[in-house]
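Visitor: A single structure is presented below for examination.
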Amino acid sequence: MVKAIALLSGGLDSTLAIKVVLEQGIEVEALNFITLFCRCTAKGSTCLASQKAAQTLGIGLKVMNISEEFLSVVKHPKYGYGKNVNPCLDCRILMFKKGCEYMNQDGASFIVTGEVLGERPMSQRREAMQIIERESGLQGLILRPLSAKLLPLTVPEKKGWITRERMLAITGRSRKPQIKLASDYGINDYPCPAGGCLLTDPGFALRMKDLMKNKPDFSLNDVHLLKLGRHFRLTPLAKVVVGRNEEENGKILSLVKEGDTVLRVKNVPGPLALARGEVDHQAILQSAIITAKYSKAKFLPGVEVEYQVIPMPAKEILVSPSMVGDELGLLRIN
Ligand code: SF4
């Protein structure tokens with residue numbers, strides 16, 4: 001039996017594309033990519049939507065974490081960014097390259113995706129699809145069942161594994177044809193994966209842009225930190241992050257590295273803060289005031305804040321949060 005690897009996001013399009021191919025007697029294994037920018041992963045290791053979709057379709061699922069490689073793509077995308085900091089075209093090229101490697105290892109013959117011609121402005125234009133095929137080394141080997149009738153003939157069609165007449169000719173951003181098809185197939189419980197990528201979120205994009213500008217060699221740890229707390233840019237080389245609740249305080253603590261400065265208000269309930277970069281005395285003072293301002297001691301004239309430059313012993317600094325106005329708020333990134 002001919003086997004295909006399907007890129008499965010767990011959304012409706014990829015689920016339908018696989019269904020169409022299964023109906024033609026092709027064996028399909030699903031491949032799902034997760035990155036540190038996915039919003040819908042359980043503990044960062046599994047995409048629940050793709051798991052559910054694979055179960056509904058009755059096919060195997062391989063989940064691949066490509067965070068490390070994806071970070072290089074985010075830093076230097078050959079084809080640029082979309083509306084926020086989403087390098088969609090380069091991201092898709094990476095995913096198809098990975099898909100190609102997996103296809104070859106797995107003895108599969110082609111790739112299936114749920115892409116729809118004209119549905120997404122950056123990566124689903126005709127020209128973008130050609131670039132993706134060329135750059136991923138998959139010319140003729142990507143079958144897009146939902147739009148296949150509008151696209152050039154692929155190898156699986158030429159070889160007779162797939163009947164072109166049974167492919168579809170969906171185009172554009174309207175979801176109506178897909179919703180109708182889902183209802184024909186009895187698929188009625190599907191998540192909406194749009195918005196599943198943090199890089200398309202305008203608020204997160206502000207934090208990312210600040211990081212990319214001030215620390216171009218940023219790490220996975222820096223990005224994980226962007227997902228937590230309130231962020232303040234102290235100088236081009238220093239920032240502080242303040243937890244918003246107990247859970248965030250714990251997560252921020254788990255990301256602390258040597259050279260970071262951890263701050264807490266002494267003897268009063270308050271947040272944990274992490275200052276990172278070239279943190280001099282002035283930056284420690286500002287971080288301590290910000291930390292105190294988010295604690296129960298914010299109205300006191302004198303507050304002791306404990307700070308520790310990891311792994312040095314902890315020290316204390318006395319600050320007066322009530323004497324400082326909103327000027328520190330201006331340092332807030334978002
Ligand atoms: S939205 Fe995010 S995950 Fe989706 S293609 Fe763009 S960069 Fe990649």
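Read-outs: derived from the displayed coordinates by stated rules, not from any lab. Here the structure is a predicted model, which is why all the values come from computation and not from measurement. Methodologically, a virtual Cβ is constructed for each residue, glycine included, from the backbone with ideal geometry; neighbour enumeration extends over all protein chains shown.
Visitor: What order, most packed first, do the peptides 209-217, 28-36 have when packing is the mean number of other Cβ atoms within 10 Å of each residue?
Guide: So the order, starting with the most tightly packed, is 28-36, 209-217.
Visitor: Once you have a ≥ b ≥ c as the square roots of the Cα gyration tensor eigenvalues for the chain, tell me rounded if a/c is under 1.5, and otherwise prolate or oblate according to whether a/b is larger than b/c.
Guide: Here the chain falls in the prolate category.
Visitor: For residue 213, which lysines qualify as cross-link partners when the Cα separation must be under 22 Å and same-chain residues fewer than eight apart are set aside?
Guide: Here the lysines satisfying the reach criterion relative to residue 213 are 75, 78, 83, 227, 239, 257.
Visitor: Counting only other residues whose beta carbon sits under 12 Å from that of residue 36, what net charge do I get with K and R as +1, D and E as -1?
Guide: Around residue 36, the charge tally is -1.
Visitor: Before anything else, pin down the relative contact order of the range 3-185: Cα pairs under 8 Å, at least 6 apart, normalised by residue count, whole percent.
Guide: The value is 24 percent.
Visitor: At 222 nm, what value in deg cm²/dmol follows for the chain if DSSP H runs of at least 4 each add -39500 (n - 2.57) and the sum is divided by all its residues, to the nearest 500?
Guide: -10500 deg cm²/dmol
Visitor: Apply the a/c threshold of 1.5 to the C-alpha gyration tensor of the range 89-220 and tell me whether it is rounded, prolate or oblate.
Guide: oblate
Visitor: Let me ask something else. Less than 14 Å Cβ to Cβ from residue 197, Lys/Arg counted +1 and Asp/Glu -1: what total charge do the surrounding residues give?
Guide: +3
Visitor: Can you give the translational diffusion coefficient of the range 3-185 in µm²/s, computed by Stokes-Einstein from the Kirkwood radius over Cα pairs at 25 °C and 0.890 mPa s?
Guide: In µm²/s, the coefficient is 149.
Visitor: Order 6-13, 305-312, 266-273 from most to least packed using the mean count of other Cβ atoms within 10 Å.
Guide: Packing proxy ranking, top to bottom: 6-13, 266-273, 305-312.
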